[in-house]
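Any read-out appearing in this document is the output of simple, stated calculations on the displayed coordinates, not a laboratory observation. Given the structure is predicted, the values throughout are model-derived calculations rather than measurements. Please note: Cβ atoms are built from the backbone with ideal geometry, for glycine as well, and neighbour counts cover all protein chains shown.
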């Protein structure tokens, strides 16, 4: 579940070219899992898949920046608990490797890669 000790290289290599769209959703996620997460999860799981980044926001120019999440381990565990709750999610399409906590100098990001 945890990425490397510091994932600044991942952020600077991958994210500057990313933009939100039908395969990428950035969610600020300060204060807990956003309610809109489950709509996005369902949408990605029922189409081509996609990447959800918790602890990331979007500038007016559509570039992404890290806002970080509070207590990433706890939030990731909350996510897993809810994913396995059949009243919330009808099908678990994720493996352990699909949810990664990325530690950056700007804050922790939870990366959720939803397969098609």
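Consider the range 63-116. How many of its residues are more than 14 Å from the chain's Cα centre (by Cα), in a helix (DSSP H, G or I) and surrounded by 15 or more Cβ atoms within 10 Å (Cβ to Cβ)?
Count: 1.
Restricting attention to the range 12-50, and to residues there that are touching a helix residue (DSSP H, G or I) at 6+ places or on another chain (Cβ under 8 Å) and assigned to a strand (DSSP E or B), which single residue is surrounded by the fewest Cβ atoms within 10 Å (Cβ to Cβ)?
Here the answer is 50.
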